[in-house]
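To start, the structure itself, in structure tokens.
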Amino acid sequence: MVFSYDPTDSRIKSGKFGFDVENKGDQVHEVVLFQVKKEAPIMELIESGDPGALGFPMGVKLPILPGTDAKMSIPALEPGRYALVCHLPDQSVPRGEGPPHFVLGMVSEFRVE
Ligand SMILES: [Cu+2]
């Protein structure tokens, strides 16, 4: 339940940007990219439900089935702070009542200079 990549990777740059995503787990995942608009810890911003904190998703890839790949293109990544979030529930709990994956660690952030 993690986004595994290097947030300091020098290939993360502004401009047209593409993510190659690989689901190596055994649950269905999604990738939602937000530009973070406020300065606070990312979990605090997500849980606040404040629509001004994260804004509209800049990119959404859903569903990403176990063992599959997906590509997500972003036409223009501006300099700033970004978050990758998976909101899907833990599928080991019946009826979709499991905690969302971001609570279990599927949230990550990176900066674009
Ligand atoms: Cu997930």
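Structure values in brief
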quantity	calculated
Strands (runs of 3 or more DSSP E) wholly inside segment 4-113 containing at least 3 residues that are more than 16 Å from the ligand (Cβ to nearest atom)	15-22, 69-77, 80-85, 107-112
Only one of VAL85, VAL93 that is hydrophobic (A, V, I, L, M, F, W, C), more than 24 Å from VAL112 (Cα to Cα) and out of contact with any Gly (no Cβ under 7 Å at 6 or more places or on another chain)	VAL93
Matching residues, segment 48-59, being under 20 Å from PHE110 (Cβ atoms) and either among the basic types (Lys, Arg) or surrounded by 11 or more Cβ atoms within 10 Å (Cβ to Cβ) (or both)	ALA53, LEU54, GLY55, PRO57, MET58, GLY59
From GLY105, GLY80, residue being within 23 Å of THR8 (Cβ to Cβ), in contact (Cβ under 8 Å) with a residue 12 or more places away in the chain and under 12 Å from the mean Cα position of the chain (by Cα)	GLY105
Candidate set from segment 60-75 (those that are of a type in the set (A, V, I, L, M, F, W, C) and out of contact with any Phe, Trp or Tyr (no Cβ under 6 Å at 6 or more places or on another chain)); member that is nearest to PHE110 (Cα to Cα)	VAL60
Residue within segment 67-82 that is among the hydroxyl-bearing types (Ser, Thr, Tyr) and either surrounded by 14 or more Cβ atoms within 10 Å (Cβ to Cβ) or in contact with a Ser or Thr (Cβ under 8 Å, 6 or more places away or on another chain) (or both) present	yes
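Read-outs: derived from the displayed coordinates by stated rules, not from any lab. The structure presented is a predicted model; accordingly, all values stated were derived computationally and were not measured. Here Cβ is always computed from backbone atoms with ideal geometry, including for glycine, and neighbour counts include all displayed protein chains.
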